[in-house]
1. Taking only the stretch A:269-314 into account, find how many residues are out of contact with any Gly (no Cβ under 6 Å at 6 or more places or on another chain) and more than 14 Å from chain B (Cβ to nearest Cβ).
2. Could you tell me whether the stretch B:157-176 includes any residue that is outside any strand (DSSP E or B), surrounded by fewer than 24 Cβ atoms within 10 Å (Cβ to Cβ), away from chain A (no Cβ under 12 Å) and in contact (Cβ under 8 Å) with a residue 40 or more places away in the chain?
3. What about A:Val167, is it within 17 Å of A:Gly70 (Cβ to Cβ) and β-branched (Val, Ile, Thr)?
4. Please go through the stretch A:268-288 and pick out each residue that is of a type in the set (Asp, Glu) and either touching a Lys or Arg at 6+ places or on another chain (Cβ under 6 Å) or over 17 Å from A:Ala53 (Cβ atoms) (or both).
5. Pull up the stretch B:114-149, narrow it to residues that are farther than 12 Å from B:Leu56 by Cα and among the hydroxyl-bearing types (Ser, Thr, Tyr), then point me to the one that is nearest to the other protein chains (Cβ to nearest Cβ).
6. Kindly provide the set of residues from the stretch B:192-204 that are within 12 Å of another protein chain (Cβ to nearest Cβ), buried (at least 19 other Cβ atoms within 10 Å of the Cβ) and more than 19 Å from B:Val130 (Cβ to Cβ), ordered by number.
7. So which residues in the stretch B:31-57 are within 14 Å of chain A (Cβ to nearest Cβ) and of a type outside the set (Asp, Glu)?
8. Against the condition more than 12 Å from every other protein chain (Cβ to nearest Cβ), among the hydrophobic types (A, V, I, L, M, F, W, C), part of a helix (DSSP H, G or I) and over 17 Å from the mean Cα position of the chain (by Cα), how does B:Ala222 come out, does it pass?
Amino acid sequence: MRSLVRGLEGPAAPPGSGRDLRVDLFRGLALFCIFIDHVPGNWLGLLTLRNIALCDATEAFVLLAGYAAGLAYGAELDRRGYSFAAASLVRRIGTLYVAHIFLFVVFTAQVGFSAAALDTTAYLDELHLDVFAEQPYLALLQALLLRFQPAFLDILPLYIVLLLLLVPMLPLLRAPPLLLGLSAGLYLAVRLADVNLPSWTGGGWFFNPLAWQFLFFFGCALGYVPRRPDGRRGRRLTLPFHPALASGAALILLLGGLASLISQAEAEAMALLPEHVAEVLSAVDKTGLHPLRLLSILALTYLVAHLVPVGAAWVRSAPLLPFVLMGQHGLPVFCTGIFLSFLGRLALELSDRWPMQLGVNLAGILVLTAVGVIGAWYRLRGSGGRPVPAPESVALPTRAASLTNSGP
Amino acid sequence: MTRRSWPTLLLLVLCLAPRGLEAQAPACGAPAELLEPGVPLPAVARAAAAGRLRVLVVGSASVLGPGTSGPEAAWPARLEAMLAARRPGIQIEFVVRGRRAATAQDSAALLKEELAKQPYDLVLWQTGTVEAARGLEVEEMVETLHAGLEQVHAAGGDAVLVDPQFSRFLRTNSNVDAYREAIRLVAAAHAVPLFRRYEVMRHWADAEEVDLERAPREARVAMADKLNDCLAKALVVLLRKAVAEARAAPAPR
């Protein structure tokens, strides 16, 4: 499996010159956690980030998706110009859209199957879950317009809009302060004015792209590697290590962890939570990426980036390689994960005891690893079977828009 | 043992057995920790002491007992009957307002309407199911609940929040956990007990005590009746504990 991992091909790549495997690892972990969190009733769901922090795998995924986009499309922009980079971005958006519609069809079939299996008509009389049965033509139209997003099918539409927003912003990758300033301004305006894209079932999108774009563009700015006039690669935007910043970040995470642990506790422990703290926590919304959630993921990123060295041996260790591979093939792994989560839900609906729990999670990790392996194998064969690419291009994907490479 | 004592013994066993079981499981076997109120209900304690308890139930369809044998089998009606049987000296008045597909905002409107007519000692507010099923915005529900609970407290009453019912179908096809967590935090923000109906019903389903979704078609009405009866029993336990807490430590509000 080692030979399939990008950035591990060379026997000893000098640190700093190759691909940052930490990003791949955490992206892979986030993808696996998204699979877990998309299977309600999964026991592993009690161990994911959302239980111990105010943020969860969605935040990690969006930040790292931004990182990957900044890396891949920033390189395209520098090497082949804006039109080419924008065109490959649009191609990628097309792929995502088709993937989303495919998953929507699978979801509809799954709801139909479980409604028939459980015969829930009397029980769920009050639920308008079955909008598809009530108005199938309209539901399909609204799904195509991304205005109808069933539960758990809300990340891809977010991602699609985020990439769309990146198209006009691409040149600003070279001016990070301007990019982040505009993005933060939009974030603040959207939060203050309470603006969201409309949803057919009422209210707005579950993930408001106009607010989440800040985290995405932050990732883009971190991922972009500037190109110096002599053609060599410059340095990435980094926030240097500072004890005050690090302890601030640790404090934020500690308080957030405490708050989320208490809010899951039994009634008696919950009564210890001061009323105004509970009120603040109840207002921490995921839809508009509440500042506390944003702060939590940024603090987590800062600490992880500084505490895990770039060349950390454990990142390259065998047990974690599957996750690195998953992270390097983000889109197919993400889509397969959502697809598998539908099957996992049906399985847990039949039985949610431990044999089924074990089966669902093992199957999940095996299939997602297999998708990563196949993607890597295809890439290697596609590049003429050369396991060691030229050192200069190690970190720069050659065809950013293809489905199987490391694009977002 | 003489032959004659057999019928006596049998009678004794018949009389004692159900009562013995009931003492073991006052709420159909729901774990006691799920029925801990965590906070007292002083207004209910005062009303009980004064001999008149006015209760308002608002929510969506489940307050009307869909699928049961009739309106008197719905959990609010069962709760009223149980409270009346337990405390015959108290004059108990129940008003139930709810309709199919009512969101928190719809319930809040009903609440406002009723509070304008007369004050209530206790408001049972069932919420979250419709929001989860339709994927409505969590923050909107949270804001509505905050405002509604403030109204109840301003009118001098107590409130108990009731979260969505457990269902495998709901768990599979909606993001119900996000709404449940928000409801828990709202309850904590107003020091209001939360009846964790979802967890209680999940326990019953796991223990195969009450499981509406797995009931065969012909047994479904009986199962719905049992579910509503068990929910009322569980609420009795929670209310009893919260009133006892209020008596033990009469906290000034």
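Where a number appears in this text, it was derived from the coordinates with a stated rule and is not lab data. Quick caveat, the model's predicted, so the values are computed rather than measured. Methodologically, a virtual Cβ is constructed for each residue, glycine included, from the backbone with ideal geometry; neighbour enumeration extends over all protein chains shown.
1. Number of matching residues: 20.
2. Yes, some residue in the stretch B:157-176 is outside any strand (DSSP E or B), surrounded by fewer than 24 Cβ atoms within 10 Å (Cβ to Cβ), away from chain A (no Cβ under 12 Å) and in contact (Cβ under 8 Å) with a residue 40 or more places away in the chain.
3. On the way: within 17 Å of A:Gly70 (Cβ to Cβ): yes; β-branched (Val, Ile, Thr): yes.
Yes: the conditions hold for A:Val167.
4. The initial filter retains those residues of the stretch A:268-288 that are of a type in the set (Asp, Glu), namely A:268, A:275, A:279, A:285.
Residues satisfying the conditions are A:Glu268, A:Glu275, A:Glu279.
5. To start, the set of residues in the stretch B:114-149 that are farther than 12 Å from B:Leu56 by Cα comprises B:116, B:127-149.
Restricting the remaining residues to those that are among the hydroxyl-bearing types (Ser, Thr, Tyr) gives B:127, B:129, B:144.
Details: B:Thr127: 12, B:Thr129: 7, B:Thr144: 12 Å.
Only one residue tops the list, namely B:Thr129.
6. Restricting attention to the stretch B:192-204, the residues satisfying the condition of being within 12 Å of another protein chain (Cβ to nearest Cβ) are B:192-196, B:198-199, B:201-202.
If we keep only those that are buried (at least 19 other Cβ atoms within 10 Å of the Cβ) too, we end up with B:192-196, B:198, B:201-202.
Hits for the stretch B:192-204 are B:Val192, B:Pro193, B:Arg202.
7. Restricting attention to the stretch B:31-57, the residues satisfying the condition of being within 14 Å of chain A (Cβ to nearest Cβ) are B:31-41.
Across the stretch B:31-57, the qualifying residues are B:Pro31, B:Ala32, B:Leu34, B:Leu35, B:Pro37, B:Gly38, B:Val39, B:Pro40, B:Leu41.
8. Working: more than 12 Å from every other protein chain (Cβ to nearest Cβ): yes; among the hydrophobic types (A, V, I, L, M, F, W, C): yes; part of a helix (DSSP H, G or I): yes; over 17 Å from the mean Cα position of the chain (by Cα): yes.
It is true that B:Ala222 is more than 12 Å from every other protein chain (Cβ to nearest Cβ), among the hydrophobic types (A, V, I, L, M, F, W, C), part of a helix (DSSP H, G or I) and over 17 Å from the mean Cα position of the chain (by Cα).
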